[in-house]
Amino acid sequence: MANYSEALSKYNLELNDAEIAAKVKTILTEKVPENDTPEVKKFLMGSVELTTLKTTDSDTSVMAFTQKVNDFDNTYPDLPHVATICVYPCFANVVKETLDVPGVNIACVSGSFPSSQAVIEVKVAETALAIKDGANEIDIVMPVGKFLSGDYQGVCDDISELKAACGDCAMKVILETGDIVTAKNIKTASLLAMYSGADYIKTSTGKEKVSATPEAAYVMCQAIKEYYDETGIQIGFKPAGGINTVMDAITYYTIVKEVLGEKWLTNQWFRLGTSRLANLLLSELEGREVKFF
């Protein structure tokens, strides 16, 4: 992005964290109960990015993980399949060769995930190789150190170069909201990411002490809405990290519904990054504990 300051000048960045927290509390108190329904839970199942990002992952374990998605489609034909399978780049080909379900995308975390601490040439190479091996979505981490140091041009350059490597593949930019903390920072980072080529903005890696929060989600969704109003470009939203209950997922659904509206309530524009939510949703829909994945 040639002139990030000109882009940022179009938006109000002077946000009050206490006011944001109060607005979120009101939304959650008044609106969440009406979304606690089987229909919403079915929708959420179709927005899950089923994720395995373990040190112990192997070709064998990722193959078995992917096969469960194939089996789910046969076992529960009346439920939507997950939106994506998300893995490290070295497993993209394993997922590609194992996955039989049409419509499930292959996402890879890339660009020296989760720290983003590598030279840009390494990040670009890893991203390009992931796509060559079968990934059609890429999740990268914004260079948080550059952002907190005020090097916004460096942030934009990194994101832009990685988007160029992604080409037509969707790129999600992880802001690591637990590290940048304030509403002002979160909105600024959201706008920089979108203007630099992000197709989605994502809260967190799940590897830091603080992951997704409703307050961060609210600010990010407001930024997406304002960016859409300004440019006409629709950007997706993905909360990730710390989504431990069905109610957590319904909370994020509610924020998206209230801030962005129905246009974002598809599994193209709203995703949930999680390794445990699918079983929890399935258990509630079946009325018994189910450990399918």
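Here are some notes:
- Residues that are within 14 Å of the chain's Cα centre (by Cα) and in a loop (DSSP other than H, G, I, E, B), drawn from the stretch 169-189: LEU175, GLU176
- Residues satisfying the stated conditions in the stretch 110-134, i.e. in contact (Cβ under 8 Å) with a residue 24 or more places away in the chain, touching a Ser or Thr at 6+ places or on another chain (Cβ under 8 Å) and either open to solvent by less than 20 Å² (accessible area, probe 1.4 Å) or part of a helix (DSSP H, G or I) (or both): SER110, GLY111, LYS123, GLU126, THR127, ALA130
- The residue that is farthest from the chain's Cα centre (by Cα), counting only those in the stretch 100-109 that are surrounded by fewer than 18 Cβ atoms within 10 Å (Cβ to Cβ) and not small (Gly, Ala, Ser), is ASP100.
- Scanning the stretch 275-288 for residues that are under 26 Å from LYS54 (Cα atoms) and open to solvent by 10 Å² or more (accessible area, probe 1.4 Å) returns SER275, ARG276, ASN279, LEU280, SER283.
- Given (1) farther than 14 Å from TRP269 by Cα; (2) in contact (Cβ under 8 Å) with a residue 40 or more places away in the chain, index of the condition ILE235 fails: (1)
- Within the span defined as the stretch 195-209, one or more residues are open to solvent by 40 Å² or more (accessible area, probe 1.4 Å) and more than 16 Å from ILE140 (Cβ to Cβ).
- Residues satisfying the criterion are absent from the stretch 261-270 (criterion: out of contact with any helix residue (DSSP H, G or I) (no Cβ under 9 Å at 6 or more places or on another chain) and over 19 Å from GLU39 (Cβ atoms)).
- Residues of the stretch 140-165 satisfying the condition of being touching a residue at least 60 places away in the same chain (Cβ under 8 Å) and not in a helix (DSSP H, G or I): VAL141
- Screening the candidates GLY206, GLY232 for the property of being farther than 20 Å from GLY46 by Cβ and either modelled with pLDDT of 95 or more or polar (S, T, N, Q) (or both) yields one hit, GLY232.
- When LYS41, LYS23, LYS31 are screened for being open to solvent by 70 Å² or more (accessible area, probe 1.4 Å) and either of a type outside the set (A, V, I, L, M, F, W, C) or touching a Gly at 6+ places or on another chain (Cβ under 6 Å) (or both), only LYS23 passes.
- Hits in the stretch 255-274 - residues which are β-branched (Val, Ile, Thr) and surrounded by fewer than 19 Cβ atoms within 10 Å (Cβ to Cβ): THR266
- Checking the stated criteria, LEU28 turns out to be in contact with a helix residue (DSSP H, G or I) (Cβ under 9 Å, 6 or more places away or on another chain) and assigned to a helix (DSSP H, G or I).
- Members of the stretch 69-99 found to be buried (at least 16 other Cβ atoms within 10 Å of the Cβ), at pLDDT 95 or above and charged (D, E, K, R), listed by number: none
- Qualifying position, being under 13 Å from SER116 (Cα atoms) and small (Gly, Ala, Ser), among GLY134, GLY154, GLY178, GLY150: GLY154
- In the stretch 13-29, the residues that are on the phi < 0 side of the Ramachandran plot form Cβ pairs under 6 Å with partners that are among the aliphatic types (A, V, I, L, M) and open to solvent by less than 40 Å² (accessible area, probe 1.4 Å), at six or more places apart or across chains, as follows: LEU15/ALA183; ASP17/ALA183; ILE20/ALA183.
- For the stretch 142-176, filtered to residues that are over 11 Å from ALA198 (Cα atoms) and of a type in the set (Val, Ile, Thr), the residue that is surrounded by the fewest Cβ atoms within 10 Å (Cβ to Cβ) is VAL144.
- The set of residues in the stretch 180-190 being surrounded by 22 or more Cβ atoms within 10 Å (Cβ to Cβ) and aliphatic (A, V, I, L, M) consists of ALA183, ILE186, ALA189.
- All strands (runs of 3 or more DSSP E) inside the stretch 190-293 with 1 or more residues being among the hydroxyl-bearing types (Ser, Thr, Tyr): 200-202, 272-274
The values are calculated or read from the model by the stated rules, or taken from the named source; none is laboratory data. Nothing here was measured: the structure is a model prediction, and the numbers come from that model. Counting neighbours? That spans all protein chains shown, and the Cβs are built from the backbone with ideal geometry, glycine included. Note: accessible area is taken over every heavy atom of the protein model, side chains too, but ligands, DNA and RNA are not part of it. Shrake-Rupley method; radii C 1.70, N 1.55, O 1.52, S 1.80 Å.
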